[in-house]
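Everything on this sheet refers to the single structure shown next.
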Amino acid sequence: MIGFLARRLLAMIPVLFGVSLLAFFALLMSPGDVATITLAAKTGIETPSQEAIEAQRRELRLDAPLHVQYVSWLGRVLTGDLGHSYLTGRPVTRELTRVFPATAALACLSLAVVLLLAVPIGVVAARHRGRPLDRAALAGSLFLSCVPDFFLGLILIVVFSISLGLTPVAGFTDMRGIILPALTLGLANAAISARLMRAGMIQALEEKHLLAAKARGLTRRVVVWKHALRQALVPLSSYVGTQFGYFFGGAVVVEVIFVWPGLGRLLVDSVNSRDIFVVQGCVLAITAIYVLINLGVDILQWILDPRTRHVEAVH
């Protein structure tokens, strides 16, 4: 396990290094002078004096060679200094921590929707392969996977908010406000996950050792829910883990539609207002979340699938 973790952690380094380079050069290539923008964000003065700009430039090491600038910038990032928002004047880390709870709550509830729907539907469809239940599950998942996020969100708003009055149309006024964004994100991904779960269950149920288990007298329920389910969860966990990372940073459209105060909406607002330090902070935060979630998925697969442990042991 320790060797497995060490290899995965080493594999994360090139990814984080590449993203840090992109974020650093995006900052340098952004319109305007970095020292002036930084000083304006810190002090709230639109046109700081030339002496103050030069002092800020020296403090940020912007007069040094490029590799020295990168090392200096990376050092500040690793200590949590991501600069200040040009719009609010607050530190970027404070802006990120302000929106992170809303994004985390939405991502976790969306993941719960995916798992609560995909696993039982996939198992039932596999057990009734080729029958009406299976065909109905496939048709429903095909429909939901073909509907764009924004259109599904609008349908849910019309039905549950405007017609039935059960939930607010948008915003985070109370706990009901999270239901529609979570359903919008969860339903489309649950459709694809259910198809993966069905395929995994069918493949698992046709494995020789499970056929032999049934021949030895194990009940179908034990074979399906104890042995086949564990095997089918391995490919599903890989896909769901990737989507969980998407919920944190890629659900921009859903957050904008529902005016959800999360990381994706902060990123869109910052891009529109050219608040480069917040954009940079959002990109770094989303990347770090993606990498950590992928590490968690690798660990989960290592636990669930003995074949993964065998391959790691060979290498």
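Given labels modelled 7 Å from the Cα in the Cβ direction, how far is it in nm from ARG216 to VAL268?
5.5
R0 = 51 Å: FRET efficiency of PHE143 with THR93, Cβ-based, nearest 0.05?
Numbers: r = 42 Å, r/R0 = 0.83.
So the FRET efficiency works out to roughly 0.75.
Let me know the whole percent of all Cα-Cα pairs from the chain that are separated by more than 23 Å. Walk me through the numbers on the way to the answer.
Details: 32744 of 49455 pairs.
So the pairs more than 23 Å apart make up 66 percent of the total in the chain.
Measure nothing fancy, just the Cα-based angle from helix 50-59's long axis to the longest principal axis of the chain, in degrees from 0 to 90, nearest 10.
So the helix axis and the longest Cα principal axis differ by about 50 degrees.
Among MET29, MET201, MET12, determine the one that fluctuates most according to a GNM of the chain built with springs between C-alpha atoms less than 10 Å apart.
For the chain, modelled as a Gaussian network with Cα springs under 10 Å, the answer is MET29.
In terms of the Cα gyration tensor, with a ≥ b ≥ c the square roots of its eigenvalues, is region 69-227 rounded because a/c is under 1.5, prolate because a/b exceeds b/c, or oblate?
On the way: a/c = 3.26, a/b = 1.67, b/c = 1.95.
Judged from the Cα gyration tensor, region 69-227 comes out oblate (a/c at least 1.5, b/c at or above a/b).
Using r as the Cβ-Cβ distance of CYS108 and ALA199, and R0 as 22 Å, what FRET efficiency do you calculate, to the nearest 0.05? Kindly include the intermediate steps, with their values, before the conclusion.
Working: r = 26 Å, r/R0 = 1.18.
Once the sixth-power term is evaluated, E becomes 0.25.
Give, to the nearest whole percent, the P(r) tail of region 13-74 beyond 19 angstrom, counting all Cα pairs. Spell out each step's value before the answer.
Working: 669 of 1891 pairs.
Within region 13-74, distances greater than 19 Å cover 35 percent of Cα pairs.
Scan region 210-257 for trypsin sites (Lys or Arg not before Pro) in coil per DSSP, keeping those whose Cβ has at most 13 other Cβ atoms within 10 Å, and list them by number. Mind dumping the intermediate values first?
Working: sites: LYS214, ARG216, ARG220, ARG221, LYS226, ARG230; in loops: ARG216.
Counting only loop positions with at most 13 other Cβ atoms within 10 Å, the trypsin sites (Lys or Arg not before Pro) in region 210-257 are ARG216.
Could you tell me the center-to-center distance, by alpha carbons, between region 60-75 and region 150-183 in angstrom?
Here the two parts' Cα centres lie 47 Å apart.
Would you calculate the volume per residue, in Å³, of the smallest convex hull containing every Cα atom of region 7-149? Display every interim value, and only then the final one.
Numbers: hull volume 25.7 nm³, N = 143.
Considering the Cα atoms of region 7-149, their hull volume per residue is 180 Å³.
Relative contact order of the chain: what whole-number percent is it, with Cα pairs under 8 angstrom and at least 6 residues apart?
Details: 355 pairs, mean separation 69.3, N = 315.
Over the chain, the number comes to 22 percent.
Given springs between every Cα pair under 10 Å in a Gaussian network model of the chain, which of ALA170, ALA112, ALA213 has the largest fluctuation?
Comparing ALA170, ALA112, ALA213 in a Gaussian network model of the chain, the most mobile one is ALA213.
So what is Rg over Rh here for region 199-274, counting just Cα atoms and using Kirkwood for Rh? Don't jump to the answer; show the numbers that get you there.
Values: Rg = 21.1 Å, Rh = 15.4 Å.
Result: Rg/Rh = 1.37.
Kindly state, to the nearest 0.05, the FRET efficiency for VAL159 paired with ALA6, given R0 = 45 Å and r defined as their beta-carbon distance.
Working: r = 50 Å, r/R0 = 1.12.
Working from the Cβ atoms, E equals 0.35.
Could you give the angle, 0 to 90 degrees to the nearest 10, between helix 179-205's Cα long axis and the longest principal axis of the Cα atoms of the chain?
Roughly 40 degrees between the two axes.
Going by amide H atoms built from the backbone, whose H comes under 5 Å of the H on HIS84, apart from near neighbours?
Amide H neighbours of HIS84, under 5 Å, 5+ apart: VAL92.
Given C-alpha coordinates of region 165-315, what is the ratio Rg to Rh with the Kirkwood estimate of Rh? Show your work: numbers first, answer last.
On the way: Rg = 20.5 Å, Rh = 18.3 Å.
Reported Rg/Rh (Cα atoms, Kirkwood Rh): 1.12.
Distance in nm between label sites at SER49 and LEU74, each 7 Å beyond Cα in the beta-carbon direction?
3.6
Arranged from highest to lowest average of other beta-carbon atoms within 10 Å per residue, in what order do the peptides 128-134, 51-57 appear?
Numbers: 128-134: 12.0, 51-57: 15.1.
Final packing ranking: 51-57, 128-134.
Every number here is computed from the coordinates shown, using simple stated rules; none is lab data. All figures in this text were calculated on a predicted structure; none of them were measured in a lab. As a convention, Cβ positions derive from the backbone with ideal geometry for all residues, glycine included, and neighbour counts pool all protein chains shown.
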